[in-house]
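Values quoted throughout were computed directly from the atomic coordinates according to the rules given, and no laboratory measurement underlies them. Computed from a prediction, not measured in an experiment: that's the story for all the values here. Positions of Cβ are backbone-derived with ideal geometry, glycine not excepted, and every protein chain shown enters the neighbour counts.
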Amino acid sequence: MATAYIHNIIALTVHIKGLVQGVGFRPFVYRLAQEHRLSGWVVNGTEGVTVKVEGMAGNMPQFIEDLRFKAPVVSQIDEITVDQDLPEGLNGFYILASQDLTDETSEISPDIAICPDCLADMKSQAHRLDYPFINCTNCGPRFSIIKDFPYDRSKTTMASFMMCPVCREEYSDVSNRRFHAQPVACNQCGPVYTLHAQTGIIRNFQEILAEAAIMISNGNIVALKGTGGFHLMCNALDENAVERLRQRKKREGKPFAVMFRDMESIREYAETNDTEAASLTSWRRPVVILKSKKAMPDGITLGLDTIGAFLPYMAFHYLLFEKLAIPAIVLTSGNISDEPVITGNNEALKVFSSFAVAVIDYNRDIFNRTDDSVVRIIGGRERLVRRARGYAPSPVRLGFDVDGILATGAELSNTFCIGKSNRAYLSQHIGDLKNHETYVFFEESQSRFRRMFRIEPSLVAADLHPDYLSSRFARNTGIEIVFVQHHHAHLASCMAENGLDEPVIGIAFDGSGYGTDGHIWGSEFMTCDFRQFERHFHFSYMAMPGGDKAAEEPWRMGLSLLYQAFGRELTGLDLPLIKALNKSLVTRIIDSIEKKINCPLSSGAGRLFDAVAAITGICINSLFHAEAPMRLESLIEKGIDDFYPFTVSDSLDFSPAVKEICREVINGESPGVISARFHNTIAEASMQAVELIRNKTGITVVVLSGGTFQNKYLLELLESKLVKNNFVVHTHSKVPCNDGGIALGQLAVAATNRLTD
Ligand code: ZN
Ligand code: ZN
Ligand code: FE
């Protein structure tokens with residue numbers, strides 16, 4: 001703006017799109033306008049927020065800059081457009097009543113961890129001293145309590161609580177931090193906790209805290225209602241308590257998440273870099289997978305070299321730690337086995353009171369169930385392993401129209417996705433649909449998403465696998481379906497979140513997905529765009545003796561690969577795997593492979609990792625999904641650069657590597673060195689395959705997807721190799737690389753198909 005006009009009065013209309021509703025955006029604009037001495041108004045509109053400002057031309061640039069850079073932490077501005085207007089001589093600044101949000105809904109905020117201001121208020125405001133449901137426009141529950149849109153208290157599970165006069169005044173005062181904070185509450189008028197124990201019921205909050213702290217310190221298990229579901233907690237340093245909890249949850253495997261008092265305590269037990277610290281302290285408060293430093297009970301980490309750590313995010317957590325002397329508690333989702341986390345008070349009492357000495361609930365309903373999110377920092381970026389609290393239901397914005405499409409996702413680690421305009425709303429983590437309760441959760445959530453986002457699907461996208469429950473669900477809708485091959489969907493998901501719309505080379509590594517040749521795929525080197533894919537290479541097919549059982553019992557894949565490399569001679573090998581197995585069982589398995597009885601073929605990278613974990617004796621029997629690859633990764637020795645032999649022709653064949661691994665195991669080489677060399681081999685072979693595809697097609701952009709890339713060592717190594725060889729590499733960070741991200745890819749493929757039809 002030229003200085004000659006600096007004293008001129010001008011008017012601007014500013015449209016802001018993105019996550020700008022339900023996150024304190026209008027009060028922020030109000031305060032900003034005051035600060036810059038501008039008149040005008042702000043209003044929530046159909047697609048974001050509109051601001052009209054009038055004032056000195058010279059004040060405008062800073063106002064626009066502050067809008068962008070000082071916005072509330074949770075808001076997310078995707079687009080600001082500024083138009084010059086004619087001044088109307090406006091006086092004062094006002095927040096206008098919302099325009100009716102008809103069909104074009106705006107966004108629903110994820111749940112937000114308690115903010116520092118509220119933590120301070122909790123110790124100073126007379127009506128909120130130690131009040132555990134304190135919140136403001138910058139923090140508190142959102143998605144978990146929202147029943148419908150637009151976001152308004154009457155459409156949340158706060159509807160039954162009448163605001164007291166004090167809260168009402170704060171809620172109505174535009175200069176207050178709690179202006180239009182829908183869940184605003186205090187000691188006088190808000191939800192309260194209740195502790196249920198064998199010995200009786202406690203309603204006094206200070207007594208609840210004191211009692212819970214004593215119970216935990218004494219080695220007991222306590223159930224606590226959280227933001228999006230119940231948790232089970234115990235002293236993380238008490239081996240017996242941890243062991244008991246493990247037995248009660250009927251889940252022998254899978255590490256427990258640990259909540260630490262503060263960053264200082266985390267640093268005592270785990271290594272953290274700046275990026276990891278940023279994730280840990282962010283308002284999303286995910287569980288962050290860190291490298292262990294000081295030992296925790298084996299019952300927590302199960303001997304892996306990592307620990308899932310997170311920080312308090314509810315007022316209750318902070319207040320509990322005030323009473324506890326210990327630095328850490330196990331805080332694991334409150335479910336039994338693979339069922340969804342429990343959200344209802346009655347069910348929690350019924351299920352948990354047989355082993356938890358107390359169940360602590362509160363009298364506000366959880367409407368949308370959300371687990372804790374899990375992330376891992378790989379290559380300096382946050383990667384989602386499980387996307388739920390703090391992340392869902394924020395959309396992924398795409399460069400094309402996906403309106404009216406429902407993508408039903410995969411079967412294990414299911415999430416689904418619905419399209420509205422150019423936004424893809426990926427559901428929170430749902431889980432394994434084979435579990436009946438989880439399937440009910442899937443059905444219920446997708447009908448809720450349809451209602452909340454006002455979508456009546458006209459097209460459905462589903463996995464090519466005919467037996468996936470998500471595919472069956474799609475067929476039962478009676479709506480037109482686009483079937484998408486599993487690994488094409490993985491790669492499309494990575495393309496979509498990275499805004500790519502061009503042919504790419506894709507590597508998809510996972511456990512299994514339905515292939516177009518009737519075999520099970522899972523190590524796919526493709527060229528693809530959203531419309532189609534071409535498969536160039538894959539790992540040599542491996543027999544899966546016992547079918548699905550081979551995906552759960554690594555020793556079966558171990559035998560299969562040994563047979564591939566040595567034939568029947570394998571029985572004479574001096575390997576821990578052979579010694580661990582009954583001779584007649586081994587013979588039976590070999591017979592079944594030779595006669596091709598119940599031995600489907602798989603190119604799943606996960607199966608190769610299973611086999612190597614079994615052959616090295618690192619993991620012969622597995623107790624939870626992907627345990628063998630996790631143990632293999634966990635043992636990797638640093639500083640090993642060499643790799644095993646392999647061949648690349650029509651497929652990538654690792655029989656030469658398997659032979660070499662056997663020789664080394666027999667010679668007593670350390671498992672950590674073997675594991676490092678094995679990972680290096682996969683990276684090197686992948687690099688060579690991609691190089692061949694580039695030579696053939698001229699494509700230099702590579703996308704990496706599939707659950708195997710949760711492996712930090714492999715992803716970092718392969719990515720750096722590719723970059724060194726002048727490839728442009730794209731990976732996941734906003735959605736999981738595992739099957740939890742599949743639905744986004746299905747959506748993108750279906751949308752593009754619709755366009756070209
Ligand atoms: Zn707050
Ligand atoms: Zn109140
Ligand atoms: Fe997959």
- Note on the structure: dims of the stretch 608-693, Cα set, principal axes, largest to smallest, nearest Å -> 37, 30, 23
- May I have the extent of the alpha carbons of the stretch 337-428 along their three principal axes, as whole Å values ordered from largest to smallest? 52, 35, 26
- Message: Using a 7 Å offset from Cα along Cα-Cβ at THR587, what residues in the stretch 556-572 end up with backbone N under 15 Å from the label point?
- Response: 568-572
- Under the Debye formula (equal points on every Cα, no solvent term), log10 I(q)/I(0) of the stretch 447-592 at q = 0.11 Å⁻¹: -0.60
- Over the alpha-carbon set of the stretch 193-362, divide Rg by the Kirkwood Rh and report the Rg/Rh ratio to two decimals. 0.94
- Volume per residue that the Cα convex hull of the stretch 9-95 spans, once the total is divided by residue count, Å³: 80 Å³
- Query: With N residues in the stretch 647-707, what two-decimal value do you get for its Cα radius of gyration over 2.2 N^0.38 Å?
  - Reply: 1.38
- With a point put 7 Å past each Cα toward its Cβ, work out how far LEU349 is from ARG663 in nm, to one decimal. 6.8 nm
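Would you order TRP41, TRP555 from fewest to most other beta-carbon atoms within 10 Å of each residue's own beta-carbon?
The order, fewest Cβ neighbours first, is TRP41, TRP555.
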- Note on the structure: With a Förster distance of 25 angstrom and the Cβ-Cβ distance between ASP148 and VAL43, calculated FRET efficiency to the nearest 0.05 equals 0.75
- Query: Spin-label point model (7 Å from Cα, Cβ direction): what's the ASP305 to ASN240 distance in nm?
  - Reply: 3.3 nm
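For the chain, what is the convex hull volume of its Cα atoms per residue in Å³?
Here the figure is 175 Å³ per residue.
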- Query: Using the Kyte-Doolittle scale, which helices in the chain average at least -1.0 and also have C-alpha atoms spread 30 Å or more along the helix axis, with helices defined as whole DSSP H runs?
  - Reply: 671-697
- Task: Could you work out the per residue convex hull volume over the alpha carbons of the stretch 541-682, in cubic angstrom?
- Result: 96 Å³
- A correct Stokes-Einstein calculation for the stretch 636-757, using the alpha-carbon Kirkwood radius, 37 °C and 0.692 mPa s, returns a whole-number D in µm² s⁻¹ of 199 µm²/s
